[in-house]
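Input: a single structure, listed below in structure tokens.
The values are calculated or read from the model by the stated rules, or taken from the named source; none is laboratory data. Quick caveat: nothing in here was measured; it's all calculated off a predicted structure. Positions of Cβ are backbone-derived with ideal geometry, glycine not excepted, and every protein chain shown enters the neighbour counts. Keep in mind that these areas ignore ligands, DNA and RNA; they rest on the heavy atoms of the full protein, side chains included. Shrake-Rupley method; radii C 1.70, N 1.55, O 1.52, S 1.80 Å.
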Amino acid sequence: QVRLVESGGGLVQAGGSLSLSCAASGTIFSIKAMGWYRQTPGRQREFVALAQRDGRVEYADSVMGRFTISRDNTKNTVNLQMNSLKPEDTAVYYCWVTTVIYRDYWGQGTQVTVSS
């Protein structure tokens with residue numbers, strides 16, 4: 001079992017920045033990748049960014065160049081620095097991990113609201 005606790009998020013004006021953090025506890029050794037998804041009402045949860053244990057990172061095209069994901073394997077944390085935020089980035093952001101046996105775990109979600 002893996003437990004995820006998120007922090008950060010909030011309200012910011014367009015063009016501003018926010019940072020999200022997620023701390024994992026439990027069966028840490030089994031975590032393969034950590035990352036973030038987001039969801040708006042009426043839409044499917046969508047991929048934002050991920051960081052593999054070996055340091056490789058991936059981003060959704062919509063956030064490339066604006067968001068930066070970082071992972072600390074010693075602290076079992078993953079952070080998402082969000083710059084140049086747009087109103088369309090408004091969503092509930094979920095921390096996500098997948099394990100070596102490809103079992104997924106999710107955080108409780110944190111609201112990010114970008115005003116125009």
Based on alpha-carbon centroids, what's the gap between the stretch 17-46 and the stretch 84-108 in Å, whole number please?
3
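Taking only protein heavy atoms and a 1.4 Å probe, what accessible area per residue, in Å², does the chain have with all protein chains in place?
Ligands and nucleic acids excluded, the result is 53 Å² per residue.
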Mean Cβ count within 10 Å, highest first, over the residues of peptides 94-107, 61-74:
94-107, 61-74
State the percentage of accessible surface on the chain attributable to carbon and sulfur atoms; use a 1.4 Å probe and exclude ligands, DNA and RNA.
50
Taking the simple approach of a point 7 Å from Cα along Cα-to-Cβ for both S70 and S25, what is their distance in nm?
2.4
Arrange the peptides 45-57, 76-88 so that the one whose residues have, on average, the most other Cβ atoms within 10 Å appears first.
76-88, 45-57
Antiparallel content of DSSP bridges confined to the chain, in %, to 5:
90
Relative to the present Cα-Cα distance, how much length would full extension add between T77 and S116 at 0.36 nm per residue of separation?
11.0 nm
Distance in nm between pseudo-label sites at V5 and T40 (7 Å out along the Cβ direction from Cα):
3.2
Q13 versus Y102, label points 7 Å from Cα toward the beta carbon: distance in nm?
4.7
Once you list every other residue whose beta carbon is under 13 Å from the beta carbon of R56, what net charge do they have if Lys and Arg are +1 and Asp and Glu are -1?
+1
Within 10 Å, Cβ to Cβ, of A91, how many net charges do the neighbouring residues add up to if Lys/Arg are +1 and Asp/Glu are -1?
0
